[in-house]
1. Consider only pairs whose beta carbons are under 8 Å apart and that are at least six residues apart or on different chains; among these, list those whose first residue lies in region 105-125 and is more than 11 Å from D64 (Cβ to Cβ) and whose second residue is aromatic (F, W, Y) and assigned to a helix (DSSP H, G or I).
2. Which residues, counting only those in region 53-74, are within 15 Å of A18 (Cα to Cα) and at pLDDT 95 or above?
3. Listed residues A155, A258; which is buried (at least 18 other Cβ atoms within 10 Å of the Cβ), touching a helix residue (DSSP H, G or I) at 6+ places or on another chain (Cβ under 8 Å) and farther than 26 Å from S117 by Cα?
4. Here are some residues: A9, A29. Which one is assigned to a helix (DSSP H, G or I), within 16 Å of A137 (Cβ to Cβ) and modelled with pLDDT of 95 or more?
5. Condition first: of a type in the set (V, I, T) and farther than 17 Å from G17 by Cβ. Now tell me which residues in region 174-233 satisfy that.
6. Please specify each residue of region 152-165 satisfying the condition of being over 30 Å from G178 (Cβ atoms), in a helix (DSSP H, G or I) and touching a residue at least 40 places away in the same chain (Cβ under 8 Å).
7. Has region 160-177 got at least one residue that is surrounded by 21 or more Cβ atoms within 10 Å (Cβ to Cβ) and either at pLDDT below 95 or small (G, A, S) (or both)?
8. In the set A137, A157, A146, A151, which member is in contact with a Phe, Trp or Tyr (Cβ under 8 Å, 6 or more places away or on another chain), aliphatic (A, V, I, L, M) and assigned by TED's automatic domain parsing to the domain that holds G118?
Amino acid sequence: MSPAEGEFAGRAVFVTGAAHGIGASVVAAFVREGARVFATDADADGLRALAARRPGAITAHPLDVTDPVAVETAVATAEDTLGPLDVVACVAGILRTSPVTELTDADWSASLAVNTSGVFHVTRAAARRMTPRGRGALVTVASNAAGVPRAGMAAYAASKAATVMYTKCLGLELAPHGIRCNTVSPGSTLTAMQRAMWGEDQEAGARRVVEGDPAAFRTGIPLGRIAEPADIADAVTFLASDRARHITMHDLYVDGGATLRA
């Protein structure tokens, strides 16, 4: 199937955290299905490299999602450039690991600023424009850490848990306007963020993730594999698609069963 015949042919999509990892895979998935994507990220060089892969299909726009004024400008620019937004995918996120007793104020604040407030800024700006039109889909990438405690990840888990509940509340408010709001909660996924947690022995780190780590109160992955970014992107595009037209306020875990859906 050509992009012109794809599931999102002719639709305008706004993606944050687009330069690398899951975000880049989300952009690729939407483009493959015919969407015109307004890709944003704090990494301007990474964005340019991304856009160069598919000239004309991707518009690159550097963006700090913690800046509400910059977000409003970016969303307005996206609609001026591509037309009314049909889909917004919030993928931007950061990870700051530390035991709580050693967690700095800066890392706590940064986690909430990007992972929670960033989603609020982007979806608020999009919802204000989608509401009068009576259509749209908002999908946020959260984490399975939002539902299961993780040692050394309090800031990350708390920020993602807040984002999941925020998205459900937003979905309740926007449902009468025909706008759907859902989250995708990945488990361990092969990205630079994941690899950075494994240290020098990458093979041992990957093995611990799959097999589990009792010392860290962490179960393994029943399916026996670590997700690839494309696995998460497929879930995002599904929830944004017409196939999910009757799904809203849903949190879709994509973690190979790692949390035992606790």
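1. That search, which allows pairs on different chains as well, returns S111/Y156; N115/Y156; T116/Y166; V119/Y166; F120/Y166.
2. Residues of region 53-74 that are within 15 Å of A18 (Cα to Cα), as a first pass: 53-54, 57-65, 71, 74.
A57, I58, T59, A60, H61, P62, L63, D64, V65, V71, A74, listed by residue number.
3. Numbers: A155 fails: farther than 26 Å from S117 by Cα.
The conditions single out A258.
4. Details: A9 fails: assigned to a helix (DSSP H, G or I).
Selected residue: A29, the only one of A9, A29 that is assigned to a helix (DSSP H, G or I), within 16 Å of A137 (Cβ to Cβ) and modelled with pLDDT of 95 or more.
5. Listed by number, the residues that qualify are I179, V209, V210, T219, I221, I226.
6. To start, the set of residues in region 152-165 that are over 30 Å from G178 (Cβ atoms) comprises 152-158.
If we keep only those that are in a helix (DSSP H, G or I) as well, we get 154-158.
Matches in region 152-165: A154, A155, Y156, A158.
7. No, every residue in region 160-177 fails to be surrounded by 21 or more Cβ atoms within 10 Å (Cβ to Cβ) and either at pLDDT below 95 or small (G, A, S) (or both).
8. The unique qualifying residue is A151.
The values are calculated or read from the model by the stated rules, or taken from the named source; none is laboratory data. This one's a predicted model, so the numbers in the text were calculated from it and none came from an experiment. So basically every Cβ, Gly included, is an ideal-geometry build from the backbone, and we count neighbours across all protein chains shown.
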